[in-house]
Amino acid sequence: MIVGSNLEKVINSGNFAVTGELGPPKSADIETLKHHAEEMRHYVDAYNITDNQTAIVRTSSIACGAVLVQMGLEPIIQITVRDRNRVCIQSDVLGASALGIKNVLCLSGDHQQFGNEPGAKGVYDIDSMQLIKGLKDMRDDGVFMGGEELEAPVSYYLGAVENPFADPFEYRVDRLEKKVNAGVSFIQTQCIFDLERFKKWMELVRERGLHKKVAILGGVTPIKSLGAARYMKNNVSGITIPDEVIDRIKGAEKKKEEGLKIAIETIEQLKEIEGVAGAHVMAIAWEEKVPEIVERAGLYPRPNV
Amino acid sequence: MIVGERKPFEQIEEIVDSNSKILVLGCGTCVTVCLAGGQKEAEELAASLRIKCKKDNKQAEVDALTIERQCEYEFVDQVKSRLDEYEIIISLACGVGVQTITERYPSLLVMPGLNTKFMGYPLEQGVWSERCLGCGDCVLHLTRGICPVTRCAKSILNGPCGGSAEGKCELSPEIDCAWHLIHERLSNLGRLKELETIQPPKDWSSSHHGGPRTIVREDVRLDSGE
Ligand code: SF4
């Protein structure tokens, strides 16, 4: 056990883990976020809190994470390398730990040109791989990235993302391995709509035995409407949605129900794939459906570990 | 080479302001090659300014002159007396040229007529592309000749990120993903294994983040006393 977060315990217990996702608002009023967190209570093991997702200015992930801790819930704070240099990132991670946050997810972050401050200077002092390695060394060796020693130990459960749908495909597994070597304990994948490609990727993952070294949580997003599916397909970087999925929504009478069904089926399939340790449910702007998805996918109640 | 692009005419007009003795000063090196600030462009800009002044009924004298290099005292000194004749000099050199003349002759008013863009090369006639950021600690040996610091929008050293699709950067289908190119190159060379190494954080102090850089070479200094 590294830090003993609930997520870590569920994963270590061999149960199929479930994480949810919360996006902070473009204001300091986080009542809605708290409301969604409350709705998902008992249905997810931990909550991802996005870090200025798609480069849009929002309340900080650490601040929202601290509020969740106060509510007795468990956040996974996302940290991107887009907006902060190594000085700030390390300081923020220490701060997060001081606030009781136990899970950290390392990402590159969407480029600032996608957001509402396209003229911002992108920081990119370090990349996501260096972030993982740096935070691991801080935790395991007690040294900052620059080599100086910490005054006291710090601990957190480290995760990262991987996108099995990005290119070059063959390299995606190498990159996962690199992240494992850099020090991550869990991986959340980009939303899975193309299950065949995901299965192919998992095969390669198993060939190298990586599923035994890192817990892979498959990303699942329920599609709310045909428009949402098309939008994701065309505008969200790193997401691929096969035409069959779009057609299925198009042909369905009750589109929302069809979207939920696809998500639930995906989770059910994920449970069957050897080496998949859980699901990460990203129901952005549809958070209230998470309990239903989790329940219908046979993942409720959550284990008490 | 240094690639520049002429500032919009309206902005140059604003910069010229009410000055009536104007020199457009071209530079014969990089910006000539990239067709932004050489003799031809200097003459064209001077002609445009003349026409505009006439249209506005403004008395002004606009000349054009091009020197070999604005970024070396040697060339600037040769035309000092000419430069003295003007109230304002619109330099079509890169930012280095503008500052070289300003530092050499603080009494002259030298203003930029060019936006200095990047270090790069022409991919084809009329298309220039950036290739070097001048980070001060070259990594091209690691990637066999493709610069991730410059060509990856996130300057990733352990790429590619999750946004790379079909060889293109998440920023735009017009931009090649640098890491896709690097992967392809190393794969062709049978050197993919090299990508397994986690490249440590870059020391940016050798780049601009360490403040303006200066190189001192005692071996070639004239006043080194040896
Ligand atoms: S897509 Fe490629 S070039 Fe663009 S930011 Fe990601 S790694 Fe860099």
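The values are calculated or read from the model by the stated rules, or taken from the named source; none is laboratory data. Because the structure is predicted, anything quoted here is derived from the model rather than measured. All Cβ positions, glycine included, derive from the backbone under ideal geometry; neighbour counts span all protein chains shown. What goes into the accessible areas is simple: the full protein's heavy atoms, side chains included, and nothing from ligands, DNA or RNA. Shrake-Rupley method; radii C 1.70, N 1.55, O 1.52, S 1.80 Å.
Okay, here's what the table says:
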read-out	value
Members of the range A:166-181 found to be open to solvent by 10 Å² or more (accessible area, probe 1.4 Å) and among the β-branched types (Val, Ile, Thr), listed by number	A:Val180
Among (1) more than 16 Å from the ligand (Cβ to nearest atom); (2) buried (at least 18 other Cβ atoms within 10 Å of the Cβ); (3) within 14 Å of chain B (Cβ to nearest Cβ) - the single one A:Cys64 does not satisfy	(3)
Residue within the range A:117-129 that is at the interface with chain B (Cβ under 9 Å from one of its Cβ atoms), farther than 16 Å from A:Pro24 by Cα, at pLDDT below 95 and in contact with a Ser or Thr (Cβ under 6 Å, 6 or more places away or on another chain) present	no
Total residues in the range A:181-208, condition of a type outside the set (A, V, I, L, M, F, W, C) and either assigned to a helix (DSSP H, G or I) or at pLDDT below 95 (or both)	8
Which numbered condition A:Val81 fails, given (1) of a type outside the set (Phe, Trp, Tyr); (2) surrounded by fewer than 21 Cβ atoms within 10 Å (Cβ to Cβ); (3) in contact with a helix residue (DSSP H, G or I) (Cβ under 6 Å, 6 or more places away or on another chain); (4) under 21 Å from A:Lys121 (Cβ atoms)	(2)
Of all residues in the range A:150-193 being among the polar types (S, T, N, Q) and under 13 Å from the mean Cα position of the chain (by Cα), the one that is farthest from A:Thr240 (Cα to Cα)	A:Ser185
Neighbours by Cβ (under 7 Å, 6+ apart or cross-chain): first from the range A:108-127, more than 10 Å from the ligand (Cβ to nearest atom) and aliphatic (A, V, I, L, M); second in a loop (DSSP other than H, G, I, E, B) and modelled with pLDDT of 95 or more	A:Val123/A:Val81; A:Val123/A:Arg82; A:Val123/A:Asp83; A:Val123/A:Arg84; A:Val123/A:Asn85; A:Ile126/A:Val81; A:Ile126/B:Pro201
Pick from the range A:67-95, criterion assigned to a strand (DSSP E or B) and more than 14 Å from chain B (Cβ to nearest Cβ), ranking: nearest to A:Gly219 (Cα to Cα)	A:Ile76
For B:Ser172: the one exception among (1) within 12 Å of chain A (Cβ to nearest Cβ); (2) of a type in the set (S, T, N, Q); (3) crowded, with 23+ Cβ neighbours inside 10 Å	(3)
Criterion (in contact with a Phe, Trp or Tyr (Cβ under 8 Å, 6 or more places away or on another chain) and either more than 28 Å from A:Ile77 (Cα to Cα) or open to solvent by less than 40 Å² (accessible area, probe 1.4 Å) (or both)) met by exactly one of A:Val220, A:Val214, A:Val184	A:Val214
Residue count for the range A:155-184, restricted to those that are facing chain B (nearest Cβ under 10 Å), in contact (Cβ under 8 Å) with a residue 24 or more places away in the chain and touching an Asp or Glu at 6+ places or on another chain (Cβ under 8 Å)	6
Residue within the range A:36-55 that is open to solvent by 10 Å² or more (accessible area, probe 1.4 Å) and without any contact (Cβ under 8 Å) to a residue 24 or more places away in the chain present	no
Residues of the range B:169-219 satisfying the condition of being within 16 Å of the ligand (Cβ to nearest atom), under 19 Å from A:Asp125 (Cβ atoms) and touching a residue at least 40 places away in the same chain (Cβ under 8 Å)	B:Ile198, B:Gln199, B:Lys202
Among (1) at pLDDT 95 or above; (2) within 10 Å of the ligand (Cβ to nearest atom); (3) small (Gly, Ala, Ser), the one test that B:Gly95 misses	(2)
Extreme residue, farthest from the other protein chains (Cβ to nearest Cβ), among residues of the range B:148-159 that are modelled with pLDDT of 95 or more and within 6 Å of the ligand (Cβ to nearest atom)	B:Cys152
Among (1) hydrophobic (A, V, I, L, M, F, W, C); (2) away from the ligand (no atom under 15 Å from the Cβ); (3) touching a residue at least 24 places away in the same chain (Cβ under 8 Å), the one test that A:Ala152 misses	(3)
Inter-residue pairs, beta-carbon under 6 Å, first over 17 Å from A:Gly218 (Cβ atoms) and modelled with pLDDT of 95 or more and in the range A:274-302, second of a type outside the set (A, V, I, L, M) and assigned to a helix (DSSP H, G or I), 6+ apart	A:Glu287/A:His36; A:Glu288/A:Glu39
Any helices (runs of 4 or more DSSP H) falling wholly within the range B:1-93 and containing at least 1 residues that are more than 21 Å from the chain's Cα centre (by Cα) and of a type in the set (D, E, K, R)	B:9-16, B:39-55, B:73-78, B:80-83
Criterion: crowded, with 19+ Cβ neighbours inside 10 Å, away from the ligand (no atom under 16 Å from the Cβ) and of a type outside the set (S, T, N, Q) - qualifying residue of B:Val110, B:Val127, B:Val79	B:Val110
Test: residue in the range A:278-292 that is part of a helix (DSSP H, G or I) and in contact with a strand residue (DSSP E or B) (Cβ under 8 Å, 6 or more places away or on another chain)	yes
